[in-house]
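> Sharing a structure here in structure tokens format.
The values are calculated or read from the model by the stated rules, or taken from the named source; none is laboratory data. Quick caveat: nothing in here was measured; it's all calculated off a predicted structure. With ideal geometry, Cβ positions are generated from the backbone for all residues, glycine too; neighbour counts draw on all protein chains shown. Accessible surface areas use protein heavy atoms only, side chains included; no ligands, DNA or RNA. Shrake-Rupley method; radii C 1.70, N 1.55, O 1.52, S 1.80 Å.
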Amino acid sequence: MPFKAQKDWRVVRYALTGIVGFAVLAQLLTYLSLVALADSPHIAAVAAAGLVSLLLGAPLIVLAAIQSRRAERFRNQVNHVVSRDSTTGCITARGLVQHVNGLERRHRRSGDPFQGALIHVRVNNLDEMAAGFGPQWSDELLQFVASTISTSIRREDIVARTGPASFDVLLSGASESDANEVCVRLSKALAASHFAADGKTVELALSVGGVLFEGSIDLERLHRLAASQTVVIAEESSSSPELARLPSA
């Protein structure tokens, strides 16, 4: 507390010094203007006011602009940290909401129809992995699954970690055929993937499901429906989950 009190007093002292200095400088400029333009006091007053505004106002405006820019950069850094999952590097559920809000604003301005799909991927044996090999290996598994998903989808698609053991993949602007193609490719890649923990091969238990949408996006509704449509995928199975369709909003 003494340190905080000392710091607060220092701020007050700087503020008082600045106020007194500004007042003295304003009076000095006014006096010099009146001396230089003794025959035209009105012009001297206007000139003094202009000099005071220029010499005192300009630095304050520049300082305010610099501080505003710093605050904006800091806010962007905080939003980036909050919207990114530290384990997998994917965006979080909050980041996905922000991304969808931005997409909807752009589509409302342009008037273009909004369609796409949401694919849900769940790791069913993550708790068993943590119990058998330790939490560090469950993180490794999540990173492995996230990497497999990222390399199996389109460049413009977004991968988000929306739960402790689940991911949502947003396919913005994808047609039904494009979404089905991505879902099949993703399911095959996950089914064919092999993971080893501490030198031991681990059999993965993964579920995949998805839903098509048109119009505005209700992420919570899409997430629930996609999660309810998930089916366990296996390497020996050549089929992939069928995408459900969400009615237009």
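> Right, Val184: over 17 Å from His120 (Cβ atoms) and open to solvent by less than 70 Å² (accessible area, probe 1.4 Å) or not? Let's see the steps before the verdict.
Values: over 17 Å from His120 (Cβ atoms): no; open to solvent by less than 70 Å² (accessible area, probe 1.4 Å): yes.
It is false that Val184 is over 17 Å from His120 (Cβ atoms) and open to solvent by less than 70 Å² (accessible area, probe 1.4 Å).
> In addition: Out of the stretch 199-229, which residues are among the β-branched types (Val, Ile, Thr) and surrounded by fewer than 15 Cβ atoms within 10 Å (Cβ to Cβ)?
Thr201
> Something else: Given the criteria in contact with a Lys or Arg (Cβ under 8 Å, 6 or more places away or on another chain), within 24 Å of Ser187 (Cβ to Cβ) and not small (Gly, Ala, Ser), does Ile119 qualify?
No; evaluated as a whole, the condition is false for this residue.
> With the checklist (1) within 11 Å of Val121 (Cβ to Cβ); (2) open to solvent by 20 Å² or more (accessible area, probe 1.4 Å) in hand, flag the one item Ile158 doesn't pass.
(1)
> Right, next: Tell me, please, whether a residue that is closer than 19 Å to Phe144 by Cα, open to solvent by 50 Å² or more (accessible area, probe 1.4 Å), of a type in the set (D, E, K, R) and part of a strand (DSSP E or B) can be found in the stretch 188-198.
no
> Also, quick follow-up: Answer yes or no as to whether Ala197 is assigned by the TED database to the domain that holds Asp112 and at pLDDT 90 or above.
Here the answer is no, as Ala197 does not meet what is asked.
> For the stretch 161-181, give me the residue count where each residue is in a helix (DSSP H, G or I) and open to solvent by less than 10 Å² (accessible area, probe 1.4 Å).
Final tally of qualifying residues: 1.
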